[in-house]
1. Would you call GLY64 under 18 Å from ILE124 (Cβ atoms) and in contact with a Leu (Cβ under 9 Å, 6 or more places away or on another chain)?
2. Could you grab me the full set of residues in the stretch 146-204 that are in contact (Cβ under 8 Å) with a residue 24 or more places away in the chain, more than 22 Å from GLY98 (Cα to Cα) and in a helix (DSSP H, G or I)?
3. Please verify whether the stretch 3-20 includes one or more residues that are modelled with pLDDT of 95 or more, in a loop (DSSP other than H, G, I, E, B) and either within 22 Å of GLY189 (Cβ to Cβ) or hydrophobic (A, V, I, L, M, F, W, C) (or both).
4. Right, GLN21: in contact with a His (Cβ under 8 Å, 6 or more places away or on another chain), surrounded by fewer than 14 Cβ atoms within 10 Å (Cβ to Cβ), in contact (Cβ under 8 Å) with a residue 12 or more places away in the chain and farther than 21 Å from THR110 by Cα or not?
5. Scanning the stretch 117-132 for residues that are modelled with pLDDT of 90 or more and not β-branched (Val, Ile, Thr), which turns out nearest to GLU81 (Cα to Cα)?
6. Which count do you get for residues in the stretch 34-49 that are surrounded by 16 or more Cβ atoms within 10 Å (Cβ to Cβ) and either among the small types (Gly, Ala, Ser) or over 21 Å from GLY136 (Cβ atoms) (or both)?
7. Of everything in the stretch 71-91 that's at pLDDT below 95 and not in a strand (DSSP E or B), which residue is most open to solvent (accessible area, probe 1.4 Å)?
8. Which condition number in (1) open to solvent by less than 10 Å² (accessible area, probe 1.4 Å); (2) assigned to a strand (DSSP E or B); (3) modelled with pLDDT of 95 or more; (4) not charged (D, E, K, R) is the one that ILE104 fails?
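The values are calculated or read from the model by the stated rules, or taken from the named source; none is laboratory data. From a predicted model like this one, the values you see are computed outputs, not experimental measurements. FYI the Cβ positions are ideal-geometry reconstructions off the backbone, even for glycines, and counts take in every protein chain you see. Note: accessible area is taken over every heavy atom of the protein model, side chains too, but ligands, DNA and RNA are not part of it. Shrake-Rupley method; radii C 1.70, N 1.55, O 1.52, S 1.80 Å.
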Amino acid sequence: TAGGDTNDDGTQSSPVAGDWQGIWFYNPDQVSSLSRFEIRYAHAAICTGYWYTGPAGKIRLSNGILRDNEMALVARVAYAELDGDNLLIMNNVRAIAGRNTAEITLRNSTIVDNSSYSDGYITIVTLENSIFAFNGGPIANMAPRDLLVRNSLFQGVDASAMIGYLGEDAFRKGGNITADPLFVDRAAGNYELAPGSPAIDAGR
């Protein structure tokens with residue numbers, strides 16, 4: 001969609017999730033960074049390490065869009081670190097896949113219209129100032145002690161799942177809210193906040 005008819009076959013083929021592998025990071029001794037990017041149609045758009053084996057990569061992401069991938073963010077290797085700030089994660093089959101004490105942090109991000117969050121076995125997850133809305137399913141098997149959630153908005157099944165993990169009292173004490181974020185035009189892919197959105201000035 002970005003480059004036009006790159007394989008010169010007219011309308012016989014269209015891009016789909018999984019068309020290419022994605023961008024993977026393997027260096028445990030250096031923090032890599034990626035900013036001002038858009039990644040589409042990958043199998044695992046951003047991956048630290050190689051699935052369940054090392055070495056564990058470390059990556060800092062900022063100001064980016066991950067859309068139309070099979071998996072947007074993958075951190076499945078022990079001690080891998082994936083830190084994202086100001087990301088739009090939309091229309092992926094799975095938004096987040098983490099295991100084996102990998103550490104995933106998302107701040108100031110919008111996770112929306114994904115088929116599911118994917119899995120979170122044992123993973124250490126921190127979510128701050130973010131919006132989770134209109135996703136098809138929550139992170140599975142997340143232990144509350146591994147989950148820190150602050151000043152974020154959750155809608156629909158996302159809200160029910162997060163309150164189930166944390167408990168109502170801990171969820172509210174963290175400054176989190178359950179509401180429709182009131183996007184400007186979700187159908188057109190405009191996830192800016194409309195006037196009167198409960199997410200405006202609700203962050204930390």
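1. no
2. Answer for the stretch 146-204, where residues must be in contact (Cβ under 8 Å) with a residue 24 or more places away in the chain, more than 22 Å from GLY98 (Cα to Cα) and in a helix (DSSP H, G or I): ALA170, ARG186.
3. Taking every residue of the stretch 3-20 in turn, none turns out to be modelled with pLDDT of 95 or more, in a loop (DSSP other than H, G, I, E, B) and either within 22 Å of GLY189 (Cβ to Cβ) or hydrophobic (A, V, I, L, M, F, W, C) (or both).
4. In short, yes.
5. LEU127
6. Residues meeting the conditions: 7.
7. This residue is TYR79.
8. (3)
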